[in-house]
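Quick notes on the structure that follows.
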Amino acid sequence: MEEREEKFCKESLVVKTSRIFPIDTNNHNSLFGGKLMSYIDDVASISASRHSRSDVVTASTDSVDFLMPIRPTDSVCLESYVSHTGRSSMEVFVKVIAENLKTGERKLAATSFLTFVALDEHGKPTLIPKVVPQSPEETMLFNTADERVKIRKDRREHSKAFASVVNTNAPWS
């Protein structure tokens with residue numbers, strides 16, 4: 001059995017807080033979903049790099065659940081950390097908190113799970129440390145990860161089968 005380094009979830013913690021400007025909003029006067037998804041991928045990739053101390057690539061965005069709108073009167077705070085690991089892959093959890101800057105009220109606005117793969121200097125998957133949860137939230141995510149891993153693998157197989165029949169020719173050809 002190989003011996004692997006262990007790291008706590010909190011060692012990969014990334015926190016990013018931003019204001020919401022008019023250029024960031026959609027026609028519903030809330031933060032544009034694509035902008036939030038970009039923030040999510042950004043912080044998650046830093047968490048994955050902190051955990052693995054290597055280059056990483058996004059293997060999948062498993063979910064982004066938008067729970068409530070984020071308004072221009074809010075700031076948006078993203079917190080991410082590695083919640084589960086395989087040999088070279090990392091599940092990263094991201095929670096998005098909207099804070100009304102006038103009242104101080106904070107609400108969970110979105111959650112997301114992404115998977116990253118650590119790469120060596122040749123661009124090949126490389127072994128990473130195991131992750132060790134400590135807080136109740138980290139422990140809950142760690143203990144429920146096997147179910148998400150199975151769903152992720154099933155979805156990937158479905159995507160491969162789907163891709164084999166998708167027409168990639170230009171629609172006008």
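For this structure, a couple of remarks:
- Scanning segment 1-28 for residues that are polar (S, T, N, Q) and under 17 Å from ALA110 (Cα atoms) yields THR17, SER18, THR25, ASN26.
- Condition check for THR17: of a type in the set (Val, Ile, Thr), closer than 13 Å to THR115 by Cβ and either in a helix (DSSP H, G or I) or touching a residue at least 24 places away in the same chain (Cβ under 8 Å) (or both): no
- Meets criteria (over 16 Å from the mean Cα position of the chain (by Cα) and closer than 30 Å to GLU147 by Cα) for ALA59: no
- Set ARG4, ARG53, ARG71: member being within 19 Å of the chain's Cα centre (by Cα) and among the basic types (Lys, Arg): ARG53
- Taken over segment 88-108, the criterion of being surrounded by fewer than 19 Cβ atoms within 10 Å (Cβ to Cβ) and touching a strand residue (DSSP E or B) at 6+ places or on another chain (Cβ under 9 Å) is satisfied by LYS95, ILE97, GLU99, ASN100, LEU101, GLU105, ARG106, LYS107, LEU108.
- Candidates THR139, THR126, filtered to the one that is at pLDDT 95 or above and in contact with a strand residue (DSSP E or B) (Cβ under 6 Å, 6 or more places away or on another chain): THR126
- Which numbered condition PHE113 misses (of (1) touching a helix residue (DSSP H, G or I) at 6+ places or on another chain (Cβ under 8 Å); (2) closer than 18 Å to LYS7 by Cβ): (2)
- Number of residues in segment 125-145 that are among the β-branched types (Val, Ile, Thr) and crowded, with 20+ Cβ neighbours inside 10 Å: the value is 2.
- Qualifying residue in segment 52-74 (condition: buried (at least 18 other Cβ atoms within 10 Å of the Cβ) and in contact with a Lys or Arg (Cβ under 6 Å, 6 or more places away or on another chain)): no
The values are calculated or read from the model by the stated rules, or taken from the named source; none is laboratory data. What you are looking at is a predicted structure, and each value in this text was computed from that prediction instead of being measured. With ideal geometry, Cβ positions are generated from the backbone for all residues, glycine too; neighbour counts draw on all protein chains shown.
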